[in-house]
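What follows is a set of notes on a single structure, which appears directly below.
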Amino acid sequence: MKVHSTLPVLLESFFRSRLAKQRNASPSTIASYRDALRMLILFAAKHSGRTPCALTIEDLDRDLILTFLDELENNRSNTIRTRNARLTAIRSFFHHVAANDPASLGIAQRVLAIPIKRSHTEVTHHLSRRELDALIDAPDRQTPRGRRDRVLLLFLARTGARISEALGLNVCNLQLDRRQPQVLLHGKGRKERFVPISDDLAKALKELLRERGIEHREAHPIFVGATGTRLTRFGATHIVRRAVAAAAMNTPELTRRPISPHVLRHTLAMTLLQSGVDLLTIQAWLGHSQVATTHRYAAADVEMMRRGLDMAGITAKQPPRFRPKDAVLRLLESI
């Protein structure tokens, strides 16, 4: 008779042993994997009619996980990229199951065989200078919430930080009293980097810290919600949406495409590129592990391509097409 490890035991050892101790995963990675598996467990409980505690590994079979992934795309409107991120977390868990519960090896192998879904590369959206200024100036600076919102938007726009990097900031990460202010960002894979802080952002941050009385509380988070706890990703997304709605009254073009916190990161990258900053510097600034990731900004800049045509002296006139005389070559050309 096969004896299967209980699902709660495997989940606990996955997070506490495999991720935290063996892989030294970052808190953001652990949180992302936790959210994905929590969604899967709740889906499986609803699907089977049992409570989460009553579920077993057999309940999380390949068919159920495929149904769950379809649910993410079709009913929760998740993108393929988000769907694949959820699947990555699930596959990581089942690698742990395969190594620690031999009786569940067959189930784990079938789950691990689920392929990552291919997706097309989307166009990188960014804001114009006018749109960016309108978005940053949209919050009501007469209220504490509005002043916080403006500083967060300004921080994202001037540093190009990922939203997780911005929300994870503490007072000790800021160096505002230097001749050239800078901030220490904690990026993906526990990678750290310093990025410069512009004068207007340094001034806004000092005013925010002074207003909240946390100038010397090094471990205190900078961006907090109404309860005084660290602002969540959902809260930050809501701040951007609220600013877009307010700014759209005078800048209606902001409503023509979805604008997320990440769009501000794209906008800074495009601004740096158009200003002549080289790709390696932009790569270091944004914390990309590969320059190929940074290169997509160059690929998205149509105006720079257009200027390249002018600089190369390329005209609309094309030279006559080569016409092979040989019959075999003509055959190949016709295929």
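Computed from the coordinates by the stated procedures, all read-outs in this text should not be read as laboratory data. Model, not experiment: these values are computed from the prediction. Heads up, the Cβs are rebuilt from the backbone with ideal geometry, glycines too, and the neighbour counts pull from every protein chain shown.
Cross-linked pairs Lys21/Lys188; Lys46/Lys191; Lys46/Lys188: Cα-Cα separations exceed 29 Å for Lys46/Lys191; Lys46/Lys188. Sorting Thr143, Thr88 from the fewest to the most surrounding beta carbons within 10 angstrom yields Thr143, Thr88. Sorting Asp278, Asp63 by the number of Cβ atoms found within 10 Å of their own Cβ, with the fewest placed first, yields Asp63, Asp278. Contact order for the range 97-200, expressed relative to its length and based on alpha carbon pairs under 8 Å spaced 6+ residues apart, stands at 13 percent. Summing Lys and Arg as +1 and Asp and Glu as -1 over all other residues whose Cβ lies under 11 Å from the Cβ of Glu211 gives a net charge of +3.
Counting neighbouring Cβ atoms within 10 Å and putting the fewest first, the residues Met270, Met39 line up as Met39, Met270.
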